[in-house]
Amino acid sequence: MTTAAPLRIGIAGLGTVGAGTVRLLRTHAELLAQRTGRSLQVAAVSARDPSRSRDLDLVGIRWQPDARALAEDAEVDVVCELIGGSDGIALDLTRAVLRRGRHVVTANKAMLALHGAELARLAESTSAQLRWEAAVAGGIPIIRSLREGLAANRILRLSGILNGTSNFILSTMRETGREFADVLAEAQTLGYAEADPAFDVDGIDAAHKLALLAALAFGGQPRFDAIHIEGIRHVSAMDIAFAEQLGYRIKLLGVARMTAAGLEQRLHPCMVPARDPIGQVDGVYNAVAVEADQAGLVMHEGRGAGAGPTASAVVGDLMDLARGAVIPTFGITAASLADHPIAPMSSHEGSYYIRLIVLDEPGVLADISAVLRDHEVSIESLIQRGRNPGQPVPIVLTSHDTTEARMRGALERIGALPAVLEPPRMIRIERSSAEP
């Protein structure tokens, strides 16, 4: 039996995550009390539409018509901000709660990616806690792993599949041979993609998460504006088939590492070895691979979204607060968060997949090779299928390691060759330290 005073919780937003959090707190109330030594009680809630049917038992819970009123509620110890959005009411509420020295638990990656450093400073100034496990990769405890489990390590590199919608689309394209637009429509029908899918397929959602992971891993301020972002709209069934032939799978990856030029943060489609652990993560699953100087390669995999996984992360943070845990927002004090120099994408070094559609005529391959030579790009492998004189044919090549600047310069010239019929398609090849 618990004797400590209950942790009184206000929940702002009763969508998928908010409703899931209320249900989890009710369903596992006894278990949570056993594990924390005090009960976790929902004291108040707020949502835009109080008349909406949510299939929730809200008996005994106060309803606040304006979420910002939760900051003034004297009978609330911690507010769960589950509204979403980088600005507006979510940011107003979070600031107001922290100013009053009360704790905030949030799943709002966009708000933290843009305002995280400011909010971390505000939390410390009032001795409040700002917790955000649910903001990245849903049910995977990657924040706790980086901030606590791997705290004794220097992080060398992290890479991750951070958006389940894009991973589902790419996995289904590989399994069925269908094109992007067709599979996107299926994802929308299944509820994996929104009617406007841009946030997912153009990489914005995953880039918000990458900004937070990079800040935590490398002790810096979140810098969403410094991330190189490319989505998956240009990935074709042809590219996926060639990737399979070459022993790769295409994944939308977020990658962060410290380089001589500064902190490199990039989010784009990558070819990863099919046998690599992250290459085998399919469907709506997320995964994050962390390379640490002492622990080595640590792989995290699980569901990245949904009511259950995300509510699990929210309640995990609430349990930490119930136990009295005190940890800086990004693992170190806000004053210690570095403003790292940002490595320009032009300085990135790696190998590349290039796919061209060209006229099958004498001298084309020689012209392409000459351009690559002039830009100091060395060919590792080449695929040219069959013969079809005078007609369009694909040419696929992979390069040895080179710089982004050299490769882009070469592709600009190759794209201008008369026999090249479409803009060249480029996908970066990503190899982890697990690779020989």
(request) Give a residue-ordered list of calculated ³J(HN,Hα) values for region 352-361 (Karplus: 6.51 cos²θ - 1.76 cosθ + 1.60, θ = phi - 60°; whole Hz; x for Gly, Pro). (result) 9, 9, 10, 10, 10, 10, 10, 6, 7, 8
(request) Specify the residue with the greatest mean-square fluctuation among ALA305, ALA120, ALA335, computed from a Gaussian network of the chain linking alpha-carbon atoms under 10 Å apart. (result) ALA335
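Take the solvent-accessible surface of the protein heavy atoms, probe 1.4 Å, and return the percent of it on the chain that carbon and sulfur atoms account for. List each step's numbers first, then the result.
Details: 8960 of 17990 Å².
Ligands and nucleic acids excluded, carbon and sulfur reach 50 percent.
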(request) Kindly work out what percent of the DSSP beta bridges joining two residues of the chain are antiparallel, to the nearest 5. (result) 70
(message) For GLN265, what residues show an amide H to amide H distance below 5 Å, using hydrogens built from the backbone and excluding near sequence neighbours?
(response) HIS228, ALA343
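If you roll a 1.4 Å probe over the heavy atoms of the protein chains, what accessible area per residue do you get for region 59-194, in Å²?
So region 59-194 comes to 38 Å² accessible per residue, rounded to a whole number.
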(message) What distance in nm separates the two pseudo spin-label positions at LEU156 and ARG62, each 7 Å out from Cα along the beta-carbon direction?
(response) 5.3
(message) So with the 1.4 Å probe, I'd like the accessible area per residue for region 244-309, rounded to whole Å².
(response) 35
(request) For region 319-376, report the accessible area per residue in Å² (1.4 Å probe, heavy atoms, rounded to an integer). (result) 44
(request) List the trypsin sites (Lys or Arg not before Pro) within region 189-287 that fall in a DSSP loop (any state other than H, G, I, E or B) and whose Cβ has at most 13 other Cβ atoms within 10 Å. (result) ARG275
(message) What do you get for GluC sites (Glu not before Pro) in region 47-137 restricted to DSSP loop and a cutoff of at most 14 other Cβ within 10 Å of the site's Cβ?
(response) GLU72, GLU75
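The values are calculated or read from the model by the stated rules, or taken from the named source; none is laboratory data. None of these values were measured; they are calculated from a predicted model. Please note: Cβ atoms are built from the backbone with ideal geometry, for glycine as well, and neighbour counts cover all protein chains shown. The protein model used for the area step is the full one, side chains on, heavy atoms only, and it has no ligands, DNA or RNA in it. Shrake-Rupley method; radii C 1.70, N 1.55, O 1.52, S 1.80 Å.
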